[in-house]
């Protein structure tokens, strides 16, 4: 099975990661293809950054158990996961 990222790249697009944020560069992807990718965005993030699930879990714990705002929790979780 072809990965989602490979499909995006085959159409001149790409997914760029900066810290824990991701951006889709469309390339020649149609609106329909972009919608398809967006529906699978978490899977795309996992392909691009294998630590995505660990980061997401740490951020949720820091937000709900630690009382941090979502933005602060994401930042702190990234610092923790990036140090792994």
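Read-outs throughout are calculated quantities, based only on the coordinates presented, and are distinct from any laboratory measurement. Keep in mind that what you see is a predicted model, and the values were worked out from it rather than measured.
Annotations
- Bins of 10 Å from zero: percent of alpha-carbon pairs in segment 14-84: 20, 43, 26, 10, 0
- Between segment 1-15 and segment 38-84, the alpha-carbon center distance in angstrom: 23
- Relative contact order for the chain, counting Cα pairs under 8 Å that sit 6 or more residues apart, in percent: 22
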